[in-house]
Structures are given as structure tokens and as C-alpha cells.
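Q: Structure incoming, see below.
The values are calculated or read from the model by the stated rules, or taken from the named source; none is laboratory data. The model shown is predicted, which means the values in this text are computed figures rather than measured ones. With ideal geometry, Cβ positions are generated from the backbone for all residues, glycine too; neighbour counts draw on all protein chains shown.
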Protein chains: 2
Amino acid sequence: MSYLKASEIREILKVTERPEVISFAGGLPAPELFPIEEIKEINRIVLEESGPKALQYTTTEGYAPLRKWIAERMNSRLDTSFDSDNILITHGSQQALDLSGKVFLDEGDIVLCESPTYLAAISAFRAYGCEFLEVPTDTEGMIIEELEKLLQSTKKIKLMYVIPDFQNPTGRTWNYERRKQLAALATKYNVIVIEDNPYGELRFEGEPLPSVKSFDTNGYVLCTGSFSKIFCPGYRIGWIAGDKDIIRKYVLVKQGTDLQCNTIAQMEIARYLDIYDIDQHIAKIIETYRLRRDLAIKTMEKTFPKGITFTRPEGGLFTWVELPAAINARDVLVKSLERNVAFVPGGSFFPNGGKENTFRINFSNMPENRIVEGLERLGEVLREFVR
Amino acid sequence: MSYLKASEIREILKVTERPEVISFAGGLPAPELFPIEEIKEINRIVLEESGPKALQYTTTEGYAPLRKWIAERMNSRLDTSFDSDNILITHGSQQALDLSGKVFLDEGDIVLCESPTYLAAISAFRAYGCEFLEVPTDTEGMIIEELEKLLQSTKKIKLMYVIPDFQNPTGRTWNYERRKQLAALATKYNVIVIEDNPYGELRFEGEPLPSVKSFDTNGYVLCTGSFSKIFCPGYRIGWIAGDKDIIRKYVLVKQGTDLQCNTIAQMEIARYLDIYDIDQHIAKIIETYRLRRDLAIKTMEKTFPKGITFTRPEGGLFTWVELPAAINARDVLVKSLERNVAFVPGGSFFPNGGKENTFRINFSNMPENRIVEGLERLGEVLREFVR
């Protein structure tokens, strides 16, 4: 089923390739911010310094200096205590999800997730024959009492999958207390947590919160991360971090899956981190996305009719829109595409089907004038549905 | 079990990283032949011409011009009739094997393979809970009568996995008739064939043979291919080709697995194929590997004691050694490592365990003087075992 839904989204995204379409559908970073000149330079340097090594096979674990940088970055920002052996480089953080399914899930196992949750995580895990239980979720994360009820009453729960920072699709962020409680429940009920964190570096305002992992004293929490949103997605370099014994299992599983990640991509990123100031680069991304979020929210407030609500995320790429219960976002999409505006209907983000009166808006990928123009048009379409 | 075996090989390969070790263990191409200057140039061109696109997300199917080139290349060399929609770009051909397992295999299914077969294919498929039946195999490929007996008598056979050209680990090549018969049996018994072909372009002598796929009129054969041995492995770009309906399933499965391959790597290879003459480059690789094979075979003939046999491959990267039945290649390896010479014992290439009196020799990765020196030392070690 998720495959069908995924293919539906693919069809939408194909339409959005037409240049006249203003698309809020993808989850793409702003391409004008990619450090192209710097990448040209690091490519030249890596090939000159160590061309044969950069183009050859390498280890499954990944390039050692890059793993070291990731461990240190996580320690300083997420209150973890990792070293290189806690890190496996993956082909984007999407592969970290796939490998998690391969390591932990068998036919009929249960995955607990937020409601709604990241669409492609549903595809990744479902390939291993699992079922999903959606944990009731509010603006502060999973509702812990509901989560514990499910943990008490359900057999074969193998994973809890969460995106605590600027969640995809809602843009919401878990509060401090619930992060701590989730880590405690993982130990109490002996269930692994996958803490997916592709957007955590992109905080526009407010204070960063410690990771779920930082509260985990028993090795139950694994964290993913990615260079896709802070560097570029084309390189497909992400990671998974966790307990060394578990990461060793992931390494063996990755070996049979695809041997290793792209060698030169790993070496280039490591060199980039060495020569350039990634914090300065991230600051530029944050500044741009904050501006776009502000514009998107302002335009939606102005043009969306009453009775429609949406989130105001403190970071990340997405805001989440709720329509009055009787309106199906797929119907809105049909009308909206006639006006050359695209978005992703929200139903697909509920693994067991659900709230069709929702949709997701991406604000990172388009220039400011297109954001305003597109959301104004969408507002007009919505006024045909909500009077 | 295969994981343990894989980790054993990893341990051997770790030893081989010491510069004093002469290693015949890996399957690595010759790094001095990587087109480093050309890669510097195509990186510059791609980033200048279309940097934002090259660093952004792209389609799961892969970069269209590259898929087109692959289809045309296969048609001209392997007698297939593909277009772009028959091709999915994969993260090395190893991922093509993993996705095949994900698309076709369930717990308890059977995979038929050559005996011996490619070690990492065993890991890739076994992750999906399958069992292996090894088909008796001689110098010309699987013995077709034995194969048909198994097809008649066995339930739940889902895949037949073969490497008809310069097989890993044996270096052997299937003859014309057996290729044709295999395709016919696939249709007759309604079983998919994975025709793995990473080495086919590297023929040192003799006439190329048509692919198994060229005899397949009903869409039962899927072919893999790779740029790892004709360009460089660090980019991790391979492919799987087959019936369009089946390839569409692979696309959906790959989407949940890792979204897509590295964008810029695909665009760079396509540009390379556009600007440079890959046939000329392949000719250079062939010339080097032919010389190394000749030297390896000559040295083995001279220094290996009587009673030891080995293959003389017409292409590829490997020769396969059989010792007298009583000798365990793992014991030889222990002694050999004391003399700083490494290879991979053959037992691991039999999924159900087996001939421990075998080992694999790679001849592509080392300079000529090291090949001679290493095989002379190995000959001395072998003379301690075979008198």
C-alpha cells in the first residue's frame, strides 16, 4: 500500500517538473545555496592529493576522518558521547532507516511511530513486513501516556521511530520532558528507538534541545543524521550512530547490501569540513529558510480562509496544514494543480490511513516571490472549499 | 553464517592493508589506471554547466542520459533490445543483488547458484531468509541436466543466480549452448534469472558470447552491470536491466531503500562517456590485466607443486586454485600470512559449506613484480603442504 502511495507522490512530483508549476511538494533544499565553488575546489584537492584512494573501494564503515567529525559534532550539539566506532556512514539517512528495518524487523513485527510520520520511513520499514501502530501525537511530541499504554498492551514491538526536531511532515519539535521519558520507556520495555534527525541543525529560533539519545544510558537509542540538508543531497551521505555492538551489526548488514558508500564523496565532505567553515554555511541556510518560513506563514495567514490551521515550525523545511474535517486535501490538490500549484496531501503520512483533511507545505526550495505567489493562488483555491 | 564468513574475509583484508603484505585477496581494480585527470575535468564541467542540478536530489530511476547509454551499450555488446526504461541505476551492482532479494525473496525461498558462487551475493540474498541450492558446475557453466533435475524436484525456487562471464571466484565462462538452455529453463519453470555481469567488458582473448538475456523471449532474465571495473568503484554506480514491469517494481523498492544514487556521480560518468573514449580506456585495462594474468599463470605453473590445478580465465580478475582434497586452504593461509602473502580461502564461496581445498587469486590489483614475488612465496608455502 505504501508503495502505491509513494508512486502517487512520484506522479505529483513529475507534474512539478514543469517550470510553470510552483511546487510546495518536495522536501528539497535550496539549490542556490549549494557550495558549488567550494566543491569544485575540494574535488580538485582530493583527486590531486589522493586520487587512486578516492576512486577505489573503501571500508564498509566509512571514511575514518568523516566518522570522527560526525562523532564530535554530535557530542557537542546533541550531548552524546560517541567516538568513530559509534558511527556508520550510510547512503543518505534513508539507508539508515532501511538498514534498521533489515537489522531489527521480521514479518509481523510492530513499529511505533508518530501520527503522522515520515512517508519514506513507512516504505523503508514496511518492506520488511512490519505493521505500524501510530502513537497519538500533539504539538509537543508523542503523548507519553498513550505510548506507554501501547508498550504495555502490545506484543512484538521492535522499534519506536521518531523525528523529534522539526518533524517531517508537521514541523513540530518534541519538548525536553518527553525526550527524557521516551528514552526511559525504551529501557523499561526493552525496545529500540530510531531517532531520525535530518533537520536538527536548521533551527531558526529558540533553544536547541538535547537529543533523546543523550538520555539513553543503556544503548537503546540509535540516531541518524545527514549532510543532505546542510551540504547537499546529491552526494547521498548520511549516517547512523549508536551502541558499538549494534553498529557492528549494521556494518555487516550494509556490507551485503551495497558494500560501502561513495568513496570520493566521503573524502570530499571531510576535506570541506577541514578547509571551510560549515557553521557559517549553515547560518546562511538558516537565514534563508527563516525568511521563507516567515513569508510562507504570513501569506498563509493572509490568504487562507478561517477554519484552516497550520504549524509555525522553529526550524526545518515544512509546515503542516489542517483543513476542516469534511474537506479532502486530494480534491484540493486537483484544483490546485489546475492553477499550477502543487503540495503533498497529508493522508499518505499516516501509515494506517487517516486524516485526508491535511497537507504538507515545503518552504525551503523556492525563491521568495514564488512562495508568495503560490500560496496566494492556493489561498484562492482553498476559498472555493471553505466559505 | 555468511555474515561470519564475510567478517572473516574482512579480517583477512585488514591484514592486507599493511604495506608489506602482497595481497591476492581483494577484488580491486588497478588504481593506477583510474582516469584521474579526466575525472577532474568532468567534475569541473558538470559543476560549471549544471552545479545546482548535480548536487540536488534526482529521480530514483537514475540520470536519463546515463540510462540511455547503458541500454545502447548492452544492445550492441550483449544482443539485448533495451531502452532507458529497462534500466535502473543502482549503488554498485551489489545493490542490484540486494534489491533482487527484496523484490523476489521471502523466508524459506530457494536460490539456485553456481558452485562455487560470489560470496557477497550469498550475503545479499541470505539477508532475506532464503536457502541456497548449489548446482553442480563445471568449466563450461552449470551442468544443465543437474539444473533441470533440481528445477523439477524442488519447490519454492525463486531465483537462479549466475555469473556467466569470468565468474567470481573461478574465472570460468559459460559456453553458448548452456546460456541458451538456461534461458529456456527459466521460461519452462517460471523462475527468474539474475545474470550478474561485472567483468564481461574485460575479455583478454577469445570471442565474446551473447548474454543469457539475449535468449530470453519472455522477460525472465535480469542483467546487472557496473562501472566499478571499467571506470572506478569509488563512485558506486551500477545497474540492473530487465523487463519494464519488473524494473518498475525495483524502482519502487529502491525508493524506500535509499531514494536514489549519487546525482553528480551519475552526471559525471555520463559526461565522461560523452567526451572521452571509454573503449580506449577499457583496452588499456585489458592490456594490463592480460599481462598480469599471463604472469600469474606462468609463475603458478613454475612454482606451484604438482597436484595443484588452477583456471586460466579468458578475462576478469580472478583465477581459482584447487589443492589436493586433504589440504585445507585456511591452513595454507595461516602459513602464507606469515610470509606476508594473502588470498581468500575458497570454502566461503560455497553457500552450504564445501570445498576447503580451494582458494581464489586476484591478479588485477598489483604491479607485475609484486605478483611474481607473491606467487613465488606462495609456491614455497604450498610446497610445505604438497610434497
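Q: Looking only at residues in segment A:242-274 that are surrounded by 22 or more Cβ atoms within 10 Å (Cβ to Cβ) and of a type in the set (D, E), which one is farthest from the other protein chains (Cβ to nearest Cβ)?
A: Step by step, filter segment A:242-274, then rank; the result is A:E268.
Q: Which condition number does A:T303 fail, the rest of (1) crowded, with 21+ Cβ neighbours inside 10 Å; (2) of a type in the set (V, I, T); (3) over 22 Å from the mean Cα position of the chain (by Cα); (4) not assigned by TED's automatic domain parsing to the domain that holds A:P52 being met?
A: (1)
Q: Select, from A:T59, A:T90, A:T137, the only residue that is in contact with a strand residue (DSSP E or B) (Cβ under 6 Å, 6 or more places away or on another chain) and more than 27 Å from A:E207 (Cβ to Cβ).
A: Checking each option against the conditions leaves just A:T90.
Q: Which of the residues belonging to segment A:1-30 are modelled with pLDDT under 85 and either over 21 Å from B:A54 (Cα atoms) or aromatic (F, W, Y) (or both)? If you could, list the steps in order and put the result at the bottom.
A: Quick first cut of segment A:1-30, residues modelled with pLDDT under 85 only: A:1-18.
Listed by number, the residues that qualify are A:M1, A:S2, A:Y3, A:L4, A:K5, A:A6, A:S7, A:E8, A:I9, A:E11, A:I12.
Q: To continue, here is another question. Name the residues in segment A:293-343 that are touching an Asp or Glu at 6+ places or on another chain (Cβ under 8 Å) and either among the polar types (S, T, N, Q) or closer than 11 Å to A:N357 by Cβ (or both), would you?
A: A:T299, A:T303, A:I308, A:T309, A:N328, A:A329, A:R330, A:N340
Q: Determine if segment B:119-136 includes at least one residue that is of a type in the set (D, E), over 19 Å from A:L252 (Cβ atoms), part of a loop (DSSP other than H, G, I, E, B) and in contact with an Asp or Glu (Cβ under 8 Å, 6 or more places away or on another chain).
A: No, segment B:119-136 contains no residue that is of a type in the set (D, E), over 19 Å from A:L252 (Cβ atoms), part of a loop (DSSP other than H, G, I, E, B) and in contact with an Asp or Glu (Cβ under 8 Å, 6 or more places away or on another chain).
Q: Got a number for residues in segment A:257-311 being in a loop (DSSP other than H, G, I, E, B) and among the hydroxyl-bearing types (S, T, Y)?
A: Result for segment A:257-311: 2.
Q: Of the residues that make up segment B:146-156, is at least one crowded, with 20+ Cβ neighbours inside 10 Å, in the same structural domain as B:N190 (by TED's automatic domain parsing) and part of a loop (DSSP other than H, G, I, E, B)?
A: Scanning segment B:146-156 turns up no residue that is crowded, with 20+ Cβ neighbours inside 10 Å, in the same structural domain as B:N190 (by TED's automatic domain parsing) and part of a loop (DSSP other than H, G, I, E, B).
Q: Same structure again: Would you confirm whether any residue within segment A:123-146 is without any contact (Cβ under 8 Å) to a residue 12 or more places away in the chain, of a type in the set (S, T, Y) and more than 20 Å from A:G256 (Cβ to Cβ)?
A: No.
Q: Could you check segment B:14-32 and list, in sequence order, the residues that are surrounded by fewer than 18 Cβ atoms within 10 Å (Cβ to Cβ) and assigned to a helix (DSSP H, G or I)?
A: If the condition is that a residue be surrounded by fewer than 18 Cβ atoms within 10 Å (Cβ to Cβ) and assigned to a helix (DSSP H, G or I), then B:K14, B:V15, B:E32 are the ones that fit.
Q: Collect the residues in segment B:34-82 that are surrounded by fewer than 19 Cβ atoms within 10 Å (Cβ to Cβ), in a helix (DSSP H, G or I) and within 9 Å of chain A (Cβ to nearest Cβ), keeping them in residue-number order.
A: B:I36, B:E37, B:K40, B:R44, B:E48, B:P52, B:K53, listed by residue number.
Q: Quick one: in segment A:306-317, of everything that is among the charged types (D, E, K, R) and under 25 Å from A:E287 (Cβ atoms), which residue is surrounded by the fewest Cβ atoms within 10 Å (Cβ to Cβ)?
A: A:R312
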